[in-house]
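The values are calculated or read from the model by the stated rules, or taken from the named source; none is laboratory data. All values derive from a computational prediction rather than experimental measurement. Methodologically, a virtual Cβ is constructed for each residue, glycine included, from the backbone with ideal geometry; neighbour enumeration extends over all protein chains shown. Each accessible area value is taken on the protein alone, full model and side chains, heavy atoms only, with ligands, DNA and RNA left out. Shrake-Rupley method; radii C 1.70, N 1.55, O 1.52, S 1.80 Å.
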Amino acid sequence: MGFPVLVLGALVAAASAAPQHSPQPILAAVCDLQAAAGSTVGGKVELLQHQRGGPVRVSGLVHGLGAGLHGFHLHQDGKLEDNCKAAGGHFNPLKVPHGAPTDPSQHAGDFGNIVASDQGVSTVDFATSQISLDANAINGALGRAIVVHALPDDLGRGNTEESTKTGSAGARVACCVVTQAY
């Protein structure tokens, strides 16, 4: 079964087009990935928001992956126990079905897939208007968990109940809590 390829860097062209000399972000957060048991996946993700209500740029480096696509999501709870299962489901404040980041309706935490090279490294770089770094926002990401999955996210197109909830992205191989930087 082939999965749709969605490269995160091309998600939201208008939102991700940053000026050559970006102003200092007003909100920033970091997330240091921790491997789940039996995994060697690690890395660091940075989240920057240049204006309240504006898009959040998500960037970083993930290493230790198998080559290919891996589901990459923001999960409800900032808990890493039980091999990242304590993070709960995808962050979904509007209670809508799972989808691709480019779909008109999707979980706020549906970031799609990251692509790992043959060396197991993925460069993450995309912008999303689905989340905020404002602590009081309904779609606030602070204190929630970013989770990297073992399998590709089918973007809700797998025609199964699991596909509409999780994208059938499989086991959680690494996770981290989104923590305010400044």
For the chain, the accessible surface attributable to carbon and sulfur atoms (probe 1.4 angstrom, ligands and nucleic acids excluded) amounts in percent to 53
If each K or R counts +1 and each D or E counts -1, the residues other than Gly109 whose Cβ falls under 14 Å of its Cβ total 0
Cα-based Rg/(2.2 N^0.38 Å) for region 89-182, rounded to two decimals, is 1.09
With label points set 7 Å from each Cα along the Cα-to-Cβ direction at Thr160 and Thr123, the distance between them in nm comes to 3.4
Residues meeting the amide H criterion for Val173 (H placed from the backbone, H to H distance under 5 Å, 5 or more places apart or on another chain) are Val148, His149, Ala150
For the chain the mean separation of alpha carbon contacts under 8 Å (6+ apart) over residue count, i.e. relative contact order in percent, is 29
If the chain between Gln51 and Ala171 were fully extended at 0.36 nm per residue, the gain over the current Cα-Cα distance would be 39.7 nm
Given a Förster distance of 25 Å, the FRET efficiency implied by the Cβ-Cβ spacing of Gln34 and Ala181, rounded to the nearest 0.05, works out to 0.90
For Gly140, other-chain or 5+-apart residues with amide H closer than 5 Å (H placed, Pro excluded) are Ser132
